[in-house]
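Here is the structure we will look at.
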Amino acid sequence: MKYLILIGDGMADRPLPLLGGKTPLQAAHTPNMDRLAREGFAGAAVTLPNGLPNGSDVANLSILGYDPRQYYTGRAPFEAASMGIDLAPNDVAFRCNLVTIGRNAAGNQVMEDHSAGQLTSAEGKILVEALNTEVAGDGCDIKFYPGVSYRNIMIWPGGKAGADCTPPHDILGKEIAAYMPRGEGAELISKLMDISMMLLENHPVNKERISKGKRPANSIWLWGQGLKPGLKSFNSIYGKKGAMISAVDLTKGLAVAAGLSVINVPGATGYLDTNYKGKAEYALKALKDVDLVYVHVEAPDEASHEGKAEEKIKAIEDFDSLVVGTILEGLKDDCRVLLMPDHATPIEVRTHTAEPVPFVIWESGKKQPGFEGGYNEAITAAGKSQTEAHKLMGLLIKGELS
């Protein structure tokens, strides 16, 4: 038996007036996911336990079969692992977004864009190198590492991890003064963000972006900090060799920490133009060598953060036809498929929320009662099975809730 986990990041949503009271999943044409729902075991999963951040880090850790209440230390350490950064025991890793800070009518600074207009990785690398030059000039041990697009990492050796730091995608359009870091280490974190504003505001990269009508990456925003995680290997827990296909450092880092191999797909961008079909084709090929492949697609979540319903519908339809459809057409071996989002990202709030999300476990050559309404959020309100997401791996592999 082979196993596939198909994740449409942030795919779940809430009814929207502009869609006639439907969610993007309900409005989208998704014949392949609907087939899985009708023929598989459908239920609702809690991916974001109370008391933990409403983040993709917690959610994907849960889906991989790890109870985040036991294993979660912060988002950034997983992303650091993906980038090959070997954290010392006392190193604190921070997620370092390159963001756009604007001003509202009152002249106060607001979080205009958590992704700085989806700047390129090449642009981001130049800006991060400039940050390193500036910080090194102050004789500071802190170092910045360039990642993908706006997603970067900062390492604070011997630093403090206890500050309350808000994710930038949670405060889009809001004044940043109310969301600056508070608590342990907040003074230095805020100072670094202030330095970045002065350094990046007139940087040539940003001048060129502005000249082309693009948003500037005129500040950093630090959040998601934590110490090096200590996960047991996936193989030691479940007895299966696995692989991860994703465009983002977070999920790649989860794979590294769990002992899964990481498969890089050409053209995988983590955005709406990602190579959907290539991810599916690489997953099918990987099943010849491993038992389980985890396929993560970021695009629906990015459209949600931008508040663009039509783009989210397009991302969902591409996920259905080019990922799910390609996989169903190409499966040769007996296989179980787990289909779900990692969390909901409602268009109306443009950030992650903790409500249960619909999942389906489908097995080739075997039909179950399923859910006739197709794959959408109605599954969670239909009296179907509800479980904590970290128990789904046991259901997928062993056929029982672990």
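The values are calculated or read from the model by the stated rules, or taken from the named source; none is laboratory data. Here the structure is a predicted model, which means the values were calculated and not measured. Cβ atoms come from the backbone with ideal geometry, glycine included; neighbour counts cover every protein chain shown.
Take the conditions polar (S, T, N, Q) and either modelled with pLDDT of 95 or more or buried (at least 21 other Cβ atoms within 10 Å of the Cβ) (or both) and apply them to residue 202. Does it pass? Let's see the steps before the verdict.
Working: polar (S, T, N, Q): yes; either modelled with pLDDT of 95 or more or buried (at least 21 other Cβ atoms within 10 Å of the Cβ) (or both): no.
Here the answer is no, as residue 202 does not meet what is asked.
Quick check on this structure: which one of 102, 84, 162, 183 is without any contact (Cβ under 8 Å) to a residue 40 or more places away in the chain and closer than 19 Å to residue 210 by Cβ? Don't jump to the end; show me each part of the working.
Details: 84 fails: closer than 19 Å to residue 210 by Cβ; 162 fails: closer than 19 Å to residue 210 by Cβ; 183 fails: closer than 19 Å to residue 210 by Cβ.
Of the residues listed, the single one that is without any contact (Cβ under 8 Å) to a residue 40 or more places away in the chain and closer than 19 Å to residue 210 by Cβ is 102.
Go through 219, 246, 261, 236 for me and flag whichever is crowded, with 19+ Cβ neighbours inside 10 Å, outside the structural domain of residue 186 (by TED's automatic domain parsing) and polar (S, T, N, Q).
Going through 219, 246, 261, 236 in turn, just one is crowded, with 19+ Cβ neighbours inside 10 Å, outside the structural domain of residue 186 (by TED's automatic domain parsing) and polar (S, T, N, Q): 246.
Just give me the residues in segment 216-250 being modelled with pLDDT of 95 or more, part of a loop (DSSP other than H, G, I, E, B) and in contact with a Leu (Cβ under 8 Å, 6 or more places away or on another chain), in sequence order.
216, 217, 218, 240, 241
Which of the following residues is under 30 Å from residue 285 (Cβ atoms), surrounded by fewer than 22 Cβ atoms within 10 Å (Cβ to Cβ) and charged (D, E, K, R): 241, 214, 252?
Sole residue among the options that is under 30 Å from residue 285 (Cβ atoms), surrounded by fewer than 22 Cβ atoms within 10 Å (Cβ to Cβ) and charged (D, E, K, R): 241.
Identify, by number, the condition in (1) modelled with pLDDT of 95 or more; (2) loosely packed, with under 14 Cβ neighbours inside 10 Å that residue 138 doesn't meet.
That leaves (1) as the condition not met.
Considering every residue within segment 81-97, establish whether at least one is assigned to a helix (DSSP H, G or I), over 27 Å from residue 12 (Cα atoms) and either modelled with pLDDT of 95 or more or in contact with a Pro (Cβ under 9 Å, 6 or more places away or on another chain) (or both).
Scanning segment 81-97, I find at least one residue that is assigned to a helix (DSSP H, G or I), over 27 Å from residue 12 (Cα atoms) and either modelled with pLDDT of 95 or more or in contact with a Pro (Cβ under 9 Å, 6 or more places away or on another chain) (or both), so the answer is yes.
Pull up segment 99-126, narrow it to residues that are in contact with a strand residue (DSSP E or B) (Cβ under 6 Å, 6 or more places away or on another chain) and aliphatic (A, V, I, L, M), then point me to the one that is farthest from residue 191 (Cα to Cα).
116
Please verify whether segment 306-320 includes one or more residues that are of a type outside the set (D, E, K, R), touching a residue at least 24 places away in the same chain (Cβ under 8 Å), part of a loop (DSSP other than H, G, I, E, B) and crowded, with 24+ Cβ neighbours inside 10 Å.
no
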